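Colleague: Before anything else, here's the structure in question.
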Amino acid sequence: MTDTIYAPATAAGRSAVAVVRISGPATRAAVRAIAGGVPKRRMASLRTLSNAAGQPIDRALVLFFAGPASYTGEDLAEFHVHGGTAVVDTVLDALSDHGLRLAQPGEFTRRAFENGKLDLAQAEGVADLIDAETEAQRRQALEQLGGRLSDVQARWAEALTQALAMLEAAVDFPDEEVPQDVAARARPVLGALAVELEAAAADAERGERVREGYRIALIGAPNAGKSTLLNALAGRDAAIVTATPGTTRDIIEVPVVLAGYKALLADTAGLRDTGDEIEAEGVRRARAWAAGADLRLWLVDGSADAAPPPPMELREGDLCLITKRDLPVGNAGAASAAKARRLGLGCAEVTARGPGDMTWLRTTLEERVVSALAGAEPPAATRLRHQELLTEAAERLRHALSQDEHVELAAEDVRLAARALDRITGRIDPEQVLGRIFATFCIGK
């Protein structure tokens, strides 16, 4: 990291203030050339910025952070300029003229990671905090940025180190004056840790769903009222509503906030047999999305004469909504409600035109989301990557516990478990994994 990088740290577009960030060994020289001098450390200074020809660019606040006491661990500076596009572009051009390089996405945070300012789990917390759309996502990301997962991982690593020391003592010093049961003393430690890792891996799924959103599928026959209900819950016309069956042919996903959590509502193609190739593909996608959803709302037109068959994707605990209760009642509602009860589904009559019905439905959905995603505290692990590594470590420990007669093999399993846990915080992550993670960041962070 011998080059010096720069990038706008605020979103593109017109704004009152924009921030341009610089990091690297040539930061001082660049600030001196553009701002006429380097301000005192960590003190904002009002300066006139100029280009290489000496022409003024803007009056701006300039801050300088000397490494290693900076975000990246290197010399770092920020220009707080007026947020016009022309001003920002001219500042960036001036930095380029001084030989600095435009940063890659996530490069500032990657330098912080490589300089020991953050571990990989905390760096992921930075990305999650930037992307947070709901209060629950913000809380979870802030916990991770604060080092919650890193602290727990350090405790797990310490327990593994103690257990490994006992196993290696039994292997390396079999004839020395060490207790004969030294290897057996490691078993309670490994057993308790395996249980804890398995619980953390299971809880990681909750963290992933907080990040990505609780998935709710609206499914049912054509003209059951799925698009109308989606629009009512979303508070806008997200889906086209017509009396023509088969209008919706692809998945329409609408993000909403329910009780502070992100949820994804999906309007899907009407479920029916069809010879239309495009509509058939829509039905296939609808079934696939519904099968992977956290909750399915089976909508049935209560004014219809014939009851549709229950979708095969339904699971116990899903909801059956008999729609259009403001219209004359047909045979479909009562018949479908009976089927729903046999399948263990909740059931209610609703109309998208009834404010009270929509209030009840939204409250019901909020209760489902809170029940699924809330806990005493945010989960320590929040990504599929974390879950996979925790599962791998737990499996290694279970295998170590099965090695009753081969202490040296048990010790190797414990070493491999420790390596899996180290990859959570990035101590031994391969280069391609780091590249993939930091590529998801925005430029300037």
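Colleague: Looking at Ile22, Ile34, which one is in a strand (DSSP E or B) and crowded, with 22+ Cβ neighbours inside 10 Å? Steps first, please.
Modeller: On the way: Ile34 fails: in a strand (DSSP E or B).
After applying the criteria, what remains is Ile22.
Colleague: Let me ask another. Of all residues being charged (D, E, K, R) and out of contact with any strand residue (DSSP E or B) (no Cβ under 8 Å at 6 or more places or on another chain) in the stretch 73-123, which is nearest to Ala33 (Cα to Cα)? Just the residue, please. I'd like the intermediate steps shown before the answer.
Modeller: So the first thing to find is which residues in the stretch 73-123 are charged (D, E, K, R), and the list is 74-75, 78, 89, 93, 97, 101, 107, 110-111, 114, 117, 119.
Adding the requirement that they be out of contact with any strand residue (DSSP E or B) (no Cβ under 8 Å at 6 or more places or on another chain) leaves 89, 93, 97, 110, 114, 117, 119.
Values: Asp89: 17, Asp93: 13, Asp97: 11, Arg110: 27, Glu114: 28, Lys117: 28, Asp119: 34 Å.
So the residue we want is Asp97.
Colleague: What are the residues in the stretch 370-387 that are polar (S, T, N, Q) and either outside any loop (DSSP other than H, G, I, E, B) or in contact with a His (Cβ under 8 Å, 6 or more places away or on another chain) (or both), if any? Lay out the reasoning, then the answer.
Modeller: Keep residues of the stretch 370-387 that are polar (S, T, N, Q), which gives 371, 382, 387.
Ser371, Gln387, listed by residue number.
Colleague: Can you tell me which of Arg21, Arg59, Arg14 is in contact with a Phe, Trp or Tyr (Cβ under 8 Å, 6 or more places away or on another chain) and basic (Lys, Arg)? Walk me through it before giving the result.
Modeller: Values: Arg59 fails: in contact with a Phe, Trp or Tyr (Cβ under 8 Å, 6 or more places away or on another chain); Arg14 fails: in contact with a Phe, Trp or Tyr (Cβ under 8 Å, 6 or more places away or on another chain).
Just a single option satisfies the conditions, and that option is Arg21.
Colleague: Right, something else. Within the bounds of the stretch 143-155, is there any residue that is farther than 17 Å from Gly426 by Cβ and modelled with pLDDT of 90 or more? Don't jump to the end; show me each part of the working.
Modeller: Let us first name the residues in the stretch 143-155 that are farther than 17 Å from Gly426 by Cβ, namely 143, 155.
Going one step further and asking which of them are modelled with pLDDT of 90 or more, we end up with 143, 155.
Yes - at least one qualifying residue is present in the stretch 143-155.
Colleague: Still on this model: Take the conditions within 36 Å of the chain's Cα centre (by Cα) and more than 25 Å from Pro105 (Cβ to Cβ) and apply them to Ala44. Does it pass? Reasoning before the result, please.
Modeller: On the way: within 36 Å of the chain's Cα centre (by Cα): yes; more than 25 Å from Pro105 (Cβ to Cβ): yes.
Criteria met by Ala44.
Colleague: Restricted to the stretch 89-119, and to residues that are in a helix (DSSP H, G or I), in contact (Cβ under 8 Å) with a residue 24 or more places away in the chain and charged (D, E, K, R), which residue is farthest from Ile57 (Cα to Cα)?
Modeller: Restricting to residues being in a helix (DSSP H, G or I), in contact (Cβ under 8 Å) with a residue 24 or more places away in the chain and charged (D, E, K, R), the top hit is Glu114.
Colleague: Could you run through the stretch 217-237 and say how many residues are surrounded by 20 or more Cβ atoms within 10 Å (Cβ to Cβ) and assigned to a loop (DSSP other than H, G, I, E, B)?
Modeller: So the count comes out to 4.
Colleague: Could you list, in sequence order, all residues of the stretch 358-384 that are closer than 28 Å to Ile424 by Cβ and either aromatic (Phe, Trp, Tyr) or crowded, with 20+ Cβ neighbours inside 10 Å (or both)?
Modeller: Result: Val369, Leu373, Pro378, Pro379, Ala380, Ala381, Thr382, Arg383.
Colleague: Is at least one residue of the stretch 254-266 modelled with pLDDT under 90 and assigned by TED's automatic domain parsing to the domain that holds Ala306?
Modeller: So in the stretch 254-266, the residues modelled with pLDDT under 90 come out as none.
Checked against the condition, which is being modelled with pLDDT under 90 and assigned by TED's automatic domain parsing to the domain that holds Ala306, the stretch 254-266 yields no hits at all.
Colleague: Scanning for something surrounded by 14 or more Cβ atoms within 10 Å (Cβ to Cβ), over 34 Å from the mean Cα position of the chain (by Cα) and touching a residue at least 40 places away in the same chain (Cβ under 8 Å), does the stretch 51-60 turn up at least one residue?
Modeller: yes
Colleague: Same structure again: Just to be sure, is Thr48 of a type in the set (S, T, N, Q), surrounded by fewer than 20 Cβ atoms within 10 Å (Cβ to Cβ) and modelled with pLDDT of 95 or more? Let's see the steps before the verdict.
Modeller: Numbers: of a type in the set (S, T, N, Q): yes; surrounded by fewer than 20 Cβ atoms within 10 Å (Cβ to Cβ): yes; modelled with pLDDT of 95 or more: yes.
Taking the combined requirement at face value, the residue satisfies it.
Colleague: Among the residues of the stretch 273-313, which ones are within 16 Å of Gly344 (Cβ to Cβ), free of Cβ contacts under 8 Å to residues at least 60 places away in the same chain and touching a strand residue (DSSP E or B) at 6+ places or on another chain (Cβ under 9 Å)?
Modeller: Within the stretch 273-313, Pro310 is the sole residue that qualifies.
Colleague: Follow-up. Which is under 31 Å from the mean Cα position of the chain (by Cα), assigned by TED's automatic domain parsing to the domain that holds Leu390, assigned to a helix (DSSP H, G or I) and farther than 20 Å from Leu384 by Cα, of Glu158, Glu143? Walk me through it before giving the result.
Modeller: On the way: Glu143 fails: farther than 20 Å from Leu384 by Cα.
Answer to the selection: Glu158.
Colleague: Please determine, by comparing only the residues of the stretch 126-140 that are assigned to a helix (DSSP H, G or I) and within 9 Å of the chain's Cα centre (by Cα), which one is farthest from Phe113 (Cα to Cα).
Modeller: Gln137
Colleague: State all residues of the stretch 396-445 that are at pLDDT 70 or above, within 24 Å of Ala154 (Cβ to Cβ) and outside any helix (DSSP H, G or I); if no residue qualifies, say none.
Modeller: Once the filter is applied, which keeps residues that are at pLDDT 70 or above, within 24 Å of Ala154 (Cβ to Cβ) and outside any helix (DSSP H, G or I), the stretch 396-445 yields Gly426, Arg427.
The values are calculated or read from the model by the stated rules, or taken from the named source; none is laboratory data. Note that the coordinates shown come from a computational prediction; the quantities given were computed from them, not determined experimentally. Every residue, glycine as well, gets a Cβ built from its backbone with ideal geometry; the counts of neighbours run over all protein chains shown.
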